[in-house]
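Comments concern the structure below.
The values are calculated or read from the model by the stated rules, or taken from the named source; none is laboratory data. Note that this is a predicted model, so its numbers are computed, not measured. Cβ: placed from backbone, ideal geometry, glycine included. Neighbour counts: every protein chain shown. Calculation scope for accessible area: heavy atoms of the full protein, side chains included, ligands and nucleic acids excluded. Shrake-Rupley method; radii C 1.70, N 1.55, O 1.52, S 1.80 Å.
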Amino acid sequence: MNYQRVGLIGAGVIGQAIFDAIVTQNLAAVDYVLVDEHFAPPADATRLREHLTTDIRRALTAPTDLVIEAAHPDVVARLGADLLAKGDLCAFSVSALADAAVETVVRRAAEDAGTHLLVPHGAVLALDGLSDGRDAIDQVIVTTTKNGANLGADPSARGVLFEGSTRDACARFPRNVNVHAAFAIAGIGFDRTRSIVVADPDTRQMRHRIQVFGQGFEWDISVRSTALGGVSGVYTPRSAVGSIQRIFGFHPVAAC
């Protein structure tokens, strides 16, 4: 797709990595980076500062053909339909779509406008394979293990904090299970995909295990990444930049 002007929502670890990639690789013109009023940019982020805004109206009226969201599921819920009415939206906070009403409104907005909602693969792998084989898949289980502090729980918490449908997991841990949401969207849906969230006070890693059981095949994929201090691991911003590069057709090796 030929995107000329983009807007960014969110300037945390992932948002800044995406901004830097777009600017340094000259992928597109950045019209704005929308943040909340409490955001404090790093002292050395001169280029980022020039694009910062807290004005939502500016985001909704800017002449962008792609908006990249890397902030919070609430942003997708509140602004997703309006953004899709005028251009494409790449949403990293796809757990927002676990709310059936939000998913309906967002999908309808994209259909009515002829725009696209793009779902990046986030901190994991194999979404394309899951999508290709969804008609032959019987069960998907996604298990995430993090320190309780990274899950918004007691740092000393240990053991299973949640086990149930991915739809319910997204309601309980909206910022921690975007991986689960992405698998649900690519595969067999929010209600049939099973989520397990585990707290481990002794780990500094964020671990995702994806088990897929199909008609004549099984996958067992494990991904580990050192925690950066919040809800993201070291691999996540690298993965996010890779997704954006592929959207712009800028990648040394093309996956098909």
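Tabulated data for the structure shown
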quantity: Extreme residue, surrounded by the most Cβ atoms within 10 Å (Cβ to Cβ), among residues of segment 155-181 that are among the β-branched types (Val, Ile, Thr) and at pLDDT 95 or above; calculated: 166
quantity: Boolean, residue 98 is touching a Lys or Arg at 6+ places or on another chain (Cβ under 8 Å), farther than 18 Å from residue 211 by Cβ and not aromatic (Phe, Trp, Tyr); calculated: yes
quantity: Flag for residue 114 being out of contact with any helix residue (DSSP H, G or I) (no Cβ under 9 Å at 6 or more places or on another chain) and within 20 Å of residue 225 (Cβ to Cβ); calculated: no
quantity: Near pairs, Cβ below 7 angstrom, 6+ apart or cross-chain, from segment 80-101 (within 20 Å of residue 60 (Cα to Cα)) to any residue that is open to solvent by 60 Å² or more (accessible area, probe 1.4 Å); calculated: 81/105; 88/116; 93/72
quantity: Residues of segment 1-36 satisfying the condition of being without any contact (Cβ under 8 Å) to a residue 60 or more places away in the chain and touching a Phe, Trp or Tyr at 6+ places or on another chain (Cβ under 8 Å); calculated: 11, 30, 33
quantity: Meets criteria (more than 20 Å from residue 235 (Cα to Cα), of a type in the set (Phe, Trp, Tyr) and under 21 Å from the mean Cα position of the chain (by Cα)) for residue 162; calculated: yes
quantity: Failed condition for residue 31, given (1) out of contact with any Lys or Arg (no Cβ under 9 Å at 6 or more places or on another chain); (2) farther than 22 Å from residue 242 by Cβ; calculated: (1)
quantity: Cross-chain or 6+ apart pairs with Cβ under 8 Å, segment 38-67 first and under 22 Å from residue 90 (Cα atoms), then in a helix (DSSP H, G or I) and among the polar types (S, T, N, Q); calculated: 48/16
quantity: Residue 131, sole failed condition from (1) among the polar types (S, T, N, Q); (2) out of contact with any helix residue (DSSP H, G or I) (no Cβ under 9 Å at 6 or more places or on another chain); (3) at pLDDT below 90; calculated: (2)
quantity: Within segment 45-68, tally of residues that are of a type outside the set (S, T, N, Q) and under 19 Å from residue 25 (Cα atoms); calculated: 10
